[in-house]
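Q: Quick one: the structure is below, questions incoming.
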Amino acid sequence: MKIAIQTEDFDVSTELDLLRKGLPNIGGINLFVGTVRDSHLGDQVAAMELEHYPGMTEKSLQDIIDQAKKRWDVINATIIHRVGKLYPSDQIVLVAVASTHRADAYAACEFMMDYLKTSAPFWKKEHTLEGSRWVDARTSDEERLKKWGK
């Protein structure tokens, strides 16, 4: 299992190779890559700044993986989340799940992203032409979380 919070970009192919290495029992991998959008709430986004709570954030991400492992057949998982100043099209997050079967990989990846979006201690500030603003949690993300019994 890999958890990383970093300023530098990540290479999806490299991370996929690391996720699979030495695990011939993997039957399916699902991965999600989140990127910075160029607009939000009708405004053009010039940049996004991400902050986190060191130590607490890593524990939160480990908890997300542990919860997924209790629900599905997760052989291996990776969560990489970037912090610092990012620009439209930059990669923000990678969540990858390897399992014996694709259904578990799909479900666990979706679960992990839903929890990551709502429960992990990250803060986002958007920089627009009109100024800067902190991004609040979206109601739709909170609604998705209910799907998992929370």
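Quick note: the coordinates plus some simple rules give every number you see, no bench work behind them. Values in this document were obtained by computation on a predicted structure and should not be read as measured data. FYI the Cβ positions are ideal-geometry reconstructions off the backbone, even for glycines, and counts take in every protein chain you see.
Q: Straight-line reach from LYS147: which lysines have a Cα under 28 Å away, not including same-chain ones fewer than 8 places off?
A: Of all the lysines, those that pass the test against LYS147 - Cα under 28 Å, at least 8 places apart if same chain - are LYS2, LYS59, LYS69, LYS70, LYS117, LYS124, LYS125.
Q: Same structure, new question: How charged is the neighbourhood of ASP11? Take every other residue with its Cβ under 14 Å from the Cβ of ASP11, and add Lys/Arg as +1 and Asp/Glu as -1. Can you show the working numbers first?
A: On the way: positive: LYS2, ARG82; negative: GLU8, ASP9, GLU15, ASP17, ASP90.
So the environment of ASP11 carries a net charge of -3.
Q: Residue by residue through the stretch 87-93, what is 3J(HN,Hα) from phi via Karplus (6.51 cos²θ - 1.76 cosθ + 1.60, θ = phi - 60°)? Round to whole Hz and write x for glycine and proline.
A: 10, x, 5, 5, 6, 9, 9
Q: Dipole magnitude of the chain about its Cα centre, charges +1 at Lys/Arg Cβ and -1 at Asp/Glu Cβ only, in debye to the nearest 20? Numbers along the way, then the final one.
A: Working: 20 positive and 23 negative charges, 109 e Å.
Once rounded to the nearest 20, the dipole reads 520 debye.
Q: Another question, if that's okay. Can you give me the convex hull volume of the Cα atoms of the stretch 8-78, divided per residue and expressed in Å³?
A: Output value, Cα hull per residue: 154 Å³.
Q: With 10 angstrom as the radius, rank PHE111, PHE10 by how many other C-beta atoms surround their C-beta, starting from the fewest.
A: In increasing order of surrounding Cβ atoms, one gets PHE10, PHE111.
Q: While we're here: Apply the Karplus parameterisation 6.51 cos²θ - 1.76 cosθ + 1.60, with θ equal to phi minus 60°, to every residue of the stretch 2-10 and state each ³J(HN,Hα) to the nearest whole Hz, in sequence, with x for glycine and proline.
A: 10, 10, 9, 10, 8, 8, 6, 5, 10
Q: Using a Förster distance of 25 Å, how high is the FRET efficiency between GLN62 and PHE32, based on the Cβ-Cβ distance and rounded to 0.05?
A: Details: r = 18 Å, r/R0 = 0.73.
It comes to 0.85.
Q: With both partners inside the stretch 1-119, how many of the DSSP beta bridges are antiparallel, as a percent to the nearest 5?
A: 80 percent
Q: Between ASP43 and LYS147, how many nm apart are label points set 7 Å from Cα along the C-beta direction?
A: Here the modelled spin labels are 2.9 nm apart.
Q: Let me ask something else about it. Which option, (1) 28, 17, 13; (2) 27, 21, 13; (3) 35, 21, 11, is the value of semi-axes √(5λ) of the Cα gyration tensor in Å that was calculated from these coordinates?
A: For semi-axes √(5λ) of the Cα gyration tensor in Å, the calculated option is (1).
Q: When you count, for each residue, the other Cβ atoms within 10 Å and take the mean per peptide, how do 41-54, 91-104 rank with the highest first?
A: Ranked from most to least packed, the peptides come out as 91-104, 41-54.
Q: Counting Lys and Arg as +1 and Asp and Glu as -1, what is the net charge of the other residues whose Cβ lies under 10 Å from the Cβ of VAL93? Intermediate results must be reported in sequence, preceding the final value.
A: Numbers: positive: ARG82, LYS117; negative: none.
After counting each charged neighbour, the total is +2.
Q: Extending each Cα 7 Å along its Cβ direction at ASN25 and VAL135, get the distance between those two points in nm, one decimal.
A: Distance between the two pseudo-spin positions: 3.7 nm.
Q: I would also like to ask the following. What does the charge count near VAL74 come to, summing +1 for each Lys or Arg and -1 for each Asp or Glu among other residues with Cβ under 11 Å from its Cβ? Please report the intermediate quantities before stating the final value.
A: Working: positive: LYS69, LYS70, ARG71; negative: ASP66, ASP73, ASP104.
Here the count lands on 0.
Q: Given labels modelled 7 Å from the Cα in the Cβ direction, how far is it in nm from ASP17 to TYR53?
A: The answer from the label model is 3.7 nm.
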